[in-house]
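The values are calculated or read from the model by the stated rules, or taken from the named source; none is laboratory data. Please read these numbers as outputs of a predicted model, since none were measured by experiment. Counting neighbours? That spans all protein chains shown, and the Cβs are built from the backbone with ideal geometry, glycine included.
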Amino acid sequence: MQLQFVGCGDAFGSGGRSNTCFHVTGASVNFLIDCGASSLPALKRLRIARNDIDLVLITHFHGDHFAGLPFLLLDAQFSRRTRPLVIAGPEGIETRLAQVMEALFENSSKTRQRFELSVVALRPGETSSFGAVQVTPYPVVHGESGGPFLAYRVEAEGRIIAYSADTEWTETLIPAARDADLFIAEAYTYDKVVKNHLSLATLVAHLAEIGPKRLVLTHMSDDMLERLDTLAHTAASDGMIVEV
Ligand SMILES: [Zn+2]
Ligand SMILES: [Zn+2]
């Protein structure tokens, strides 16, 4: 299995990075984790076959994680996708998706797709299966609006991938990412504590409790990007591929 960082930027495109979108592929799986506003051009730049993707997992409803869906769905419609697609995310996703479709492309939420589209709400602590992918959401802490906010522990092909999503430190990250083969963690700032986001220093202080086999940092602000050459941990970059 492999995970490619289609986009690993923050909401502000810091460092010219694309909004959050990870593409996971293996013998029996093909899915995205998050689909931020700039994800469709980023997928095309990396020549990723969008119509082979079976599942999109959404962590929360901020534009840099969610607002790529209208573009992805219109692209699917116009490229004559036939393969069914599942979009799964926090409770309320059906309404939020219709709202963002209408805001960006009027009447697009009422278009009948040529392919089967399922929109599924996920509840924290309840494991759901989508083909060969098992997903367990954990609640995280990321402010008042744009939620619910979910971190994901994803199991597929005997491997575990965990993603913190955007969050300040919360104990739920421990079970979400414990012993994961790959833990993708937000490291928004270096050591400055910012509400609703995670600093690298805070993450490192808890790393022994989490014990991931591999850690990759994402969603970095300029404060982190300035220090990329001196970091002791692996930082994501757009297009980077990690074997899992
Ligand atoms: Zn974000
Ligand atoms: Zn966010």
| task | Run HIS23 past the list (1) touching a helix residue (DSSP H, G or I) at 6+ places or on another chain (Cβ under 9 Å); (2) assigned to a strand (DSSP E or B); (3) within 17 Å of MET220 (Cβ to Cβ) and report the number of the one that doesn't hold. | result | (3)
| field | Some residue of the stretch 135-156 being closer than 17 Å to CYS35 by Cα, more than 16 Å from ligand 2 (Cβ to nearest atom), at pLDDT 95 or above and among the hydroxyl-bearing types (Ser, Thr, Tyr) | value | no
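Can you pull out the residues in the stretch 157-171 that are in contact (Cβ under 8 Å) with a residue 40 or more places away in the chain and either small (Gly, Ala, Ser) or more than 16 Å from ligand 2 (Cβ to nearest atom) (or both)?
Within the stretch 157-171, GLU157, ARG159, ILE161, ALA162, ALA165 qualify.
Which one is farthest from VAL56 (Cα to Cα), of the residues in the stretch 133-158 that are in a loop (DSSP other than H, G, I, E, B) and of a type outside the set (Gly, Ala, Ser)?
Within the stretch 133-158, the subset in a loop (DSSP other than H, G, I, E, B) is 140, 142-149, 157-158.
Still in the running and of a type outside the set (Gly, Ala, Ser): 140, 142, 144, 148-149, 157.
Numbers: VAL140: 19, HIS142: 21, GLU144: 24, PRO148: 17, PHE149: 16, GLU157: 18 Å.
Out of the qualifying residues, it is GLU144.
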| request: For the stretch 99-124, name all the residues that are free of Cβ contacts under 8 Å to residues at least 40 places away in the same chain, over 25 Å from ALA151 (Cβ atoms) and in contact with a Leu (Cβ under 8 Å, 6 or more places away or on another chain). | output: MET101, PHE105, SER108, SER109, PHE115, GLU116
| task | Give just the number: which of (1) surrounded by fewer than 24 Cβ atoms within 10 Å (Cβ to Cβ); (2) in a loop (DSSP other than H, G, I, E, B); (3) in contact with a strand residue (DSSP E or B) (Cβ under 9 Å, 6 or more places away or on another chain) does LEU72 not satisfy? | result | (2)
| said: Can you confirm whether ARG47 is closer than 25 Å to LEU182 by Cα, part of a loop (DSSP other than H, G, I, E, B) and out of contact with any strand residue (DSSP E or B) (no Cβ under 9 Å at 6 or more places or on another chain)? | reply: yes
